Amino acid sequence: MPADSTNANKPRAPLGRAIMVQGTSSHAGKSTLVAALCRLFAQAGYRVAPFKAQNMSNNAAVTKDGGEVGRAQAMQAAAAGVPVTVDMNPVLLKPQSDRTSQIVVLGRARYVKDAREYFELKAELWPVVTAALDRLRAAYDIVVIEGAGSPAEINLAQYDIVNMRVARHAGAPVLIIGDIERGGVFASLYGTHALLQPEEQALIRGFVINKFRGDPSLLAPGFEMLHERTGVPTLGVLPWLDLSQVPAEDALEWETLQRHDTTAVIDIAVMRLPRVANLDEFQALAAEPAVNVRFVASPGDLGTPDLVIIPGTKSTLGDLAWLRERGLVAAIQESRAKGTPILGICGGFQMLGTDIIDAGGAEQAGTAPGLGLLPMSTIFEPEKLTRQVSAKVVGSTALWHTGDDALSARDSGERRPLGELSLQGYEIHMGRSRLVDGARVRQPSFAVQSGHDLFGDGIASEDGLVVGTYIHGLLENAALRHALLHRLAARKGVRLPQSEGATTVDEAIDALAASVREHLDLRAIAAFVGLEL
């Protein structure tokens, strides 16, 4: 008897509904519309989950069991009120050079391939995608699916595992969203429809226009002509919204974070690494009042900041070489000598050491000296460490002290020492770091509560001016972020202005969902899947 014959006659559990959001291009607003729909269906009492078959981003998140997924799917899961899982993003591509990407499958790094080699894997990856989607549909009332790029990239249609092929597999009605800020939105919507096959066109149930500023009634003639030519109605026009508090899918365009507030009292310089990873963790910092966050690509732009940050990267050796070629290694070393605090996160932490060794080519084969600001050496290993982290501040540095006053919860009014609060973050790295012989450093900056080695927690120089950690997301913790800013202000003898408190991610998603409720025809969207909103 075949091994699986015992299940052959079992009735299959009914699958949940599905709806899909595709776009005319990247950055059209797919991720945020999916998040809004997840929140709206959850508010209506449905069990809802997001899904994106294939994501390309160096902004990653870590699931509870240590899997790696796109940051946008973690944000969408939060909007749905459910834990993020690897099934929500079964294939994640993390670019690490102009030609190659690390390929993460069901949360684990599996390959490093160029584009042509990746396309050859599509037959292997398609069953992974469909199985993940089917598992979600078996567990949830509705799955809100996000496409990638545009479904009308006809040169790549034969390799599709993320757009219309997914919609056909799920039998999902499709919404096409277009970004009016880019111009030519009606041509983009019409052209997307026109380039698809008839069976794919039949799945498109509505158009959505995004990021509009002005009087939407001026667009009405365009809606009518578009409907005449395609048979597809336009379901609404979403206004431009400030989404700076919503974690972004891709490495952000630098200008979306960079601020030029002439009244700012704190100036923070972040290295503009070519392969920066998890740039979204600085969104909350950039949104703080009286703080300028600048992205620096040359020594002439560095100036005299109050803090220099070297962020994470998907190519530590490559981006270290870029810093050196640009003269920024010497500029950072000079800033440190003048007393400027330096913070390194993950790959940026590794760069602060004496040397980096990647003999096996885990990211990029080679060896290079680091900045020499922390007495440690980093060796890359094939196995990537990915995990969620809860930590506490245990070491006092120039950036924060365990005794710094902090609000234990937003607007609670209760002040407690920073060292008593639990901070949430995550680790994603392949290098392992060790102190060099005879090294003298301060105690770890953080104590990871689940137990870890010294370098997961981070170290600081003897004088506390140079701090490094493998933990991403620390600055998304309001207590630590505010302690950092107040300490930087105290170092230069200035005071930060009173703040009403930054908008939280959850509040930003609520505002996004409210805007979608107001401006889109939700009754029609719900009817597409036989539910009510």
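I want to confirm something. Restricting to the stretch 353-374 and keeping residues that are of a type in the set (S, T, N, Q) and crowded, with 16+ Cβ neighbours inside 10 Å, which single residue is nearest to I342 (Cα to Cα)?
If we take residues in the stretch 353-374 being of a type in the set (S, T, N, Q) and crowded, with 16+ Cβ neighbours inside 10 Å, then T354 is nearest to I342 (Cα to Cα).
Residues being within 27 Å of the chain's Cα centre (by Cα) and among the acidic types (D, E): count how many of those fall in the stretch 296-351.
The total comes to 3.
Look through the stretch 375-414, keep the residues that are in a strand (DSSP E or B), among the aliphatic types (A, V, I, L, M) and modelled with pLDDT under 80, and return whichever of them is least open to solvent (accessible area, probe 1.4 Å). Write out each step before concluding.
We begin by selecting, within the stretch 375-414, every residue in a strand (DSSP E or B); these are 376-393, 405-407.
This time we only want the ones that are among the aliphatic types (A, V, I, L, M), so: 376, 379, 385, 389, 391, 393, 406-407.
Filter again for modelled with pLDDT under 80, leaving 406-407.
Values: A406: 4, L407: 67 Å².
Looking at residues that are in a strand (DSSP E or B), among the aliphatic types (A, V, I, L, M) and modelled with pLDDT under 80, I get A406.
Taking the stretch 246-258, which residues are at pLDDT below 70 and of a type outside the set (A, V, I, L, M, F, W, C)?
E249, D250, E253, E255, T256, Q258
What is the one condition in (1) of a type outside the set (A, V, I, L, M); (2) touching a Ser or Thr at 6+ places or on another chain (Cβ under 8 Å); (3) surrounded by fewer than 21 Cβ atoms within 10 Å (Cβ to Cβ); (4) closer than 23 Å to H482 by Cα that G344 does not satisfy?
So the condition that G344 fails would be (3).
Can you say whether R326 is surrounded by 16 or more Cβ atoms within 10 Å (Cβ to Cβ) and under 23 Å from A489 (Cα atoms), as far as the supplied structure shows?
Judged against the criteria, R326 is not a match.
Would you kindly identify the strands (runs of 3 or more DSSP E) lying entirely within the stretch 74-156 that contain at least 2 residues that are open to solvent by less than 10 Å² (accessible area, probe 1.4 Å) and either modelled with pLDDT under 95 or not polar (S, T, N, Q) (or both)?
91-95, 100-105, 142-146
It is to be established whether one or more residues within the stretch 437-456 are surrounded by 14 or more Cβ atoms within 10 Å (Cβ to Cβ), touching a Pro at 6+ places or on another chain (Cβ under 6 Å), at pLDDT 70 or above and not in a strand (DSSP E or B).
yes
Go through (1) farther than 21 Å from E476 by Cβ; (2) open to solvent by 10 Å² or more (accessible area, probe 1.4 Å); (3) modelled with pLDDT of 95 or more and name the single condition A53 misses.
Answer for A53: the failing condition is (2).
Among the numbered criteria (1) more than 23 Å from the chain's Cα centre (by Cα); (2) in a loop (DSSP other than H, G, I, E, B), which one does L189 miss?
L189 satisfies all of (1) more than 23 Å from the chain's Cα centre (by Cα); (2) in a loop (DSSP other than H, G, I, E, B) except (2).
I'd like to know if the stretch 34-42 contains one or more residues that are in contact with a Ser or Thr (Cβ under 8 Å, 6 or more places away or on another chain), outside any loop (DSSP other than H, G, I, E, B) and closer than 30 Å to M430 by Cβ.
No, the stretch 34-42 contains no residue that is in contact with a Ser or Thr (Cβ under 8 Å, 6 or more places away or on another chain), outside any loop (DSSP other than H, G, I, E, B) and closer than 30 Å to M430 by Cβ.
Which residue pairs have Cβ atoms closer than 9 Å, lie 6 or more positions apart in sequence or on different chains, and pair a first residue in the stretch 42-61 that is β-branched (V, I, T) with a second residue that is in a loop (DSSP other than H, G, I, E, B) and open to solvent by 50 Å² or more (accessible area, probe 1.4 Å)?
V48/G81
Provide a single number: the residues in the stretch 16-42 that are farther than 9 Å from Q76 by Cα and out of contact with any strand residue (DSSP E or B) (no Cβ under 8 Å at 6 or more places or on another chain).
Total satisfying the criteria: 2.
Which one of these does L285 not meet: (1) open to solvent by 10 Å² or more (accessible area, probe 1.4 Å); (2) under 21 Å from the mean Cα position of the chain (by Cα); (3) in contact (Cβ under 8 Å) with a residue 40 or more places away in the chain?
Failed condition: (1).
The values are calculated or read from the model by the stated rules, or taken from the named source; none is laboratory data. These numbers come from a predicted model, not from an experiment. A quick note on method: Cβ atoms are made from the backbone with ideal geometry, for glycine too, and the neighbour counts reach across all protein chains shown. To get the accessible areas, we keep the full protein, side chains included, count just its heavy atoms, and leave off ligands, DNA and RNA. Shrake-Rupley method; radii C 1.70, N 1.55, O 1.52, S 1.80 Å.
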